[in-house]
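Report on the structure given below.
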C-alpha cells in the first residue's frame, strides 16, 4: 500500500496572520486515483494546492510525494519531480504563442540542451541554445510534435490557433492551454484547480470527457471543482473542506448525503430547500 | 564622544528631510502601487522655487514655506492629472516609465531655466549654535525637525480624522472595494499627489538651506534616498517610511563618521540592497503572502510584432555596410558610430528589460564595467584592444550578473530601484577605489581601437568595426530569442509564478539573460573607452541608462531590430534637426512620455 501512494499529506497547516487557511489536513492519494476537493469559496482549497506545489510553504505538517519527503521544496524542484498544476484564475503566458506556452510545460524534460552538469550547466545551456547541435534540434522538433499531439486532444479548439499569442484566446481556450501545458510536463501527479470555471455546459462536458480520459490512462489527479455533477461522475473519492479543515471524506454519494457537508457547502437555507426539491 | 552626539543629531535631521520625501512616496505607493520616480524632481522644483522666493522676492521664512508647498503641490497635481491619470487602465509598466519620463522632463526644465551651475540658498535664520549635551544644534536643525514633526502630525490628523483621509486609507487598503463604496479614487489620487508634492518641495527647500547650495543633481539623489527610506520601512507604510528615513539618516551619518564623506551614498544603497535581499517587503512588513494571480500579459503591452522580411533586413544592413564607400561626411559616420554603440547597449537592455522583464535603470553601470576593464587591460597589461574589449564584455557579464543577482527575487518596480541603486554603487566604487580605477582623476591615454595589430583610427574603419560588432551581437541575440531560452525568458516576464511551477528557475534564467546582455553592454563600453581615450566615473551615467530605455521602448520591448532602429532614430534625429545638446534629454523624456501614452508597444512591437 505504502509504495503505491502517490501523495501523502500529514497535518498540513498554513496560517495567514490570525486566519488558518489550511488546518491540519491529512490526505492520501493512491497511484491512478482521482480525488476531488470541494468546499465553499475560501475553504483553503487553492492554498492547499499552493502548499503541495511549493508556491507556498506550510507552517506545519509534511508533504510526501512517492514516499519522499518534499515538504517546502521549491516549485521548480517539484515540477522536475513530476507535479504539474493549473491555476484557478488561469496563468497562461499572455505574449507567448499557444505552441510556446505548451512547450514551457515540457521544460523540465529538456535534456540535450540542458545538460545536468554542476556549476557550468547554465553556461553550457546558453552555448547549446546558440549553437544548436543536431541533438538539440532533434529534441526541440520531437517536443513540437508532442505538443501538436497534446493539442489534438482538444479537437479543433487549439490547433488552428497554435501560433496565436495566448492573450488573444477566449477564456475557455486559455484554460485548455493551461491543461495542455500541464500535460506536456508528462506529470505523475496532476492538480487541476477549477478547470471548468467560466465554461458553458458544452465546454464543461468536453472538459469532463478529457479528465475522464486522463484518468483512464492511469494519471493520478487531484481536482478542485465546484460543479458537483462532474465531481460525482469522475471522483474515486471526495474530500470536503470548510474553513481550512477537512470535514468529510469518502465516495461521492456518501459525502453528498453528509449533513455537515450540506450545511457547510450550501448553507442552512439552501440545504433544506434542496432536500424538499429532491 | 561629543562628536558622536553631533553625528546622531545630524543623522536624525537628515533623516527628517528624507522622511518628507519618503512619506510622499509611501502615500503614493499605498494608493496607486506606484513608485513615483518623479518625487526627486518635485523636491528639486521646491528647492528652486525656494531660491526664487528667498533671493529674488525676499519673502519671509513662513511665507517661503507656504509658497514652496503650494507651488510644489500644483506641480504634483499636474503630474497626476496629465501624466498618470490617462494611464490608469494601462499595463503595469506604463506608470513606472511615465514617472521616469516626467522626472527627466522636470529636471531638464529646471536646468534650462536656472542653468546647471549650483546656487546658494541662504537660510534666513540666525547663524547661532546652541550647546546640547556634548553636541551643538542650530536653528535650522530645529526648523527641519519642527517641519518634519508638524507635517507628520498634520498628516496623521488628516488621514485619521478627515473624510478625504479616510478615503485615502480605504483606497490604499483595497482600491476596488473603495471605488465600489463610492470613494472617488481620482480625488484620492489628487489629494495624495498634492500632499506628497508639497512635502517633497518643502523638503528640497530645507535641504538647500541646510547645505546652502542647490543644484540639479539633487533630484536623482533625493529620489534614490526617498525610495531607499520608503523601501526600508516597507513600501506604502507611512509610519514605516518615517522610521526608515531616520534609520537611513543615522546609518549615513555614522558611515560618514567612520569612513568619510565620499562613502555617504554607498551606505544608503548598501542598506537598500541588504533590505531588499533580506526583507523585500521592508522591515515592518506584515505576514508573507503569495502575490495575487495576474491577468494575462499585464506587465507589458500585448502586441504582435511587426514582421520585417529577412531580405529587407539584409538589404538595410548591406546599405549601412557600404555607406562609407560613398562620399559621406565624417559627421554622418561619427553620428552613426554613436548609434551603433548605443545600439549595443539597447540590445542588452531590450533583452533584460523587454524579453525577461527586468526594467533596469542602472544599465550604464555595465558600460562602465566594460570600459574600465578594457581600458585597464590594455593600459596595465598591454592586452591588444580587440581582446581587451572582449575582456570588458566578459567582465561586465560576470560582475554585472553577480551584482544584480540579489534583485532576482524582486518584481516590477523593485527591480528598477535595485538596478538604479546598484548602478550608483558601481559608480561610487569607481570613484572611491583609487588603487584600481584611479578614482576621480579617471583613466587617460587609453590606446585606440586595434584589430590583429592594425590600429583603427580612421572614422571609416571605426564605423565598420562598431557596425560589424553590433550586427554580430544582434544576430546572436536573434538566435537566442528563437531558442528555448527565448521562450523561457518571455515566460518568466509574463508570469514568474507559473514559470516556476513549470520548473523554470528564476535565478538561472535571469542570470543567463544578464550574462548575455552584460556582454553586449560591456563590449559597447569597451569600444567607447578606446574611442574616447579618456573615461572617468561620470562618463557612463544615468542619462545613458534612460536614453537606452527610451530607445528600447521606442523600438518595442524585446525587439532586436527595434533596438537598432530606435538607436538610429534617437541619435540621428536630433542631429538631423540640429537640436542643441541641452534640449536632447528633455526631448528623450517627452518621447518616452508620448510613447507610453500612445504607443506602449513601440514602433515595431513587443516580442
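Where a number appears in this text, it was derived from the coordinates with a stated rule and is not lab data. Every value quoted in this text rests on a predicted model; they were computed, and no experiment measured them. Cβ: placed from backbone, ideal geometry, glycine included. Neighbour counts: every protein chain shown.
Values computed for the structure shown
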{"item": "Exposure proxy ranking, count of Cβ atoms within 10 Å, fewest first, for B:311, B:433, B:340, B:51", "result": "B:311, B:433, B:51, B:340"}
{"item": "Burial ordering of A:46, B:550, B:380, B:8, fewest other beta-carbon atoms within 10 Å first", "result": "B:380, B:8, A:46, B:550"}
{"item": "Debye log10 I(q)/I(0) at q = 0.06, 0.09, 0.12 Å⁻¹ for chain B, Cα point scatterers", "result": "-0.32, -0.72, -1.24"}
{"item": "Averaged over A:82-90, number of beta-carbon atoms from partner chains that fall within 10 Å", "result": "3"}
{"item": "The stretch B:531-561 versus the stretch B:335-382: alpha-carbon centroid distance in Å", "result": "7"}
{"item": "Fraction of beta bridges assigned by DSSP in the stretch A:2-277 that are antiparallel (%, nearest 5)", "result": "55"}
{"item": "Cα pair distances of the stretch B:384-539 binned at 10 Å [whole percent]", "result": "10, 32, 32, 20, 6, 0"}
{"item": "Max mean-square fluctuation residue, GNM over chain A, Cα-Cα springs under 10 Å, options A:206, A:125, A:76", "result": "A:125"}
{"item": "Normalised alpha carbon radius of gyration of the stretch A:1-145 [divisor 2.2 N^0.38 Å]", "result": "1.27"}
{"item": "Percentage of interatomic Cα-Cα distances in chain A larger than 31 Å", "result": "32"}
{"item": "Principal axes of the stretch B:329-598: Cα extent on each, largest first, Å", "result": "52, 43, 33"}
{"item": "DSSP beta bridge pairing in the protein assembly as shown, given as percent antiparallel to the nearest 5", "result": "65"}
{"item": "Stokes-Einstein D for the stretch A:187-240, Kirkwood Rh over Cα pairs, 25 °C, 0.890 mPa s (µm²/s)", "result": "215"}
{"item": "Sum of -39500 (n - 2.57) over DSSP H runs of 4+, divided by residues of chain B (222 nm, nearest 500)", "result": "-23000 deg cm²/dmol"}
{"item": "Shielding by other protein chains, A:116-123, mean Cβ within 10 Å", "result": "1"}
{"item": "GNM flexibility winner over chain A from A:122, A:259, A:75 (Cα, springs under 10 Å)", "result": "A:122"}
{"item": "Globularity ratio of the stretch B:275-431, using Cα Rg and 2.2 N^0.38 Å", "result": "1.35"}
{"item": "Inter-part distance where the stretch A:39-68 and the stretch B:590-605 are each reduced to a Cα centre, Å", "result": "43"}
{"item": "Dimensions (Å) - the stretch B:194-353, Cα atoms, principal axes, largest first", "result": "62, 47, 35"}
{"item": "Shielding by other protein chains, B:87-95, mean Cβ within 10 Å", "result": "0"}
{"item": "Förster radius 60 Å - calculated FRET efficiency between residue B:326 and residue B:254 (Cβ-Cβ, nearest 0.05)", "result": "0.45"}
{"item": "Alpha carbon centroid spacing (whole Å) that separates the stretch B:10-76 from the stretch B:146-217", "result": "11"}
{"item": "36 Å tail of the calculated P(r), the protein assembly as shown, as % of Cα pairs", "result": "53"}
{"item": "Label point at residue A:236 placed 7 Å out along Cα→Cβ; residues across the stretch A:3-19 whose backbone nitrogen lies under 17 Å", "result": "A:3-9"}
{"item": "Global size of the stretch B:1-140 as Cα Rg and Dmax, reported in angstrom", "result": "18.2, 56"}
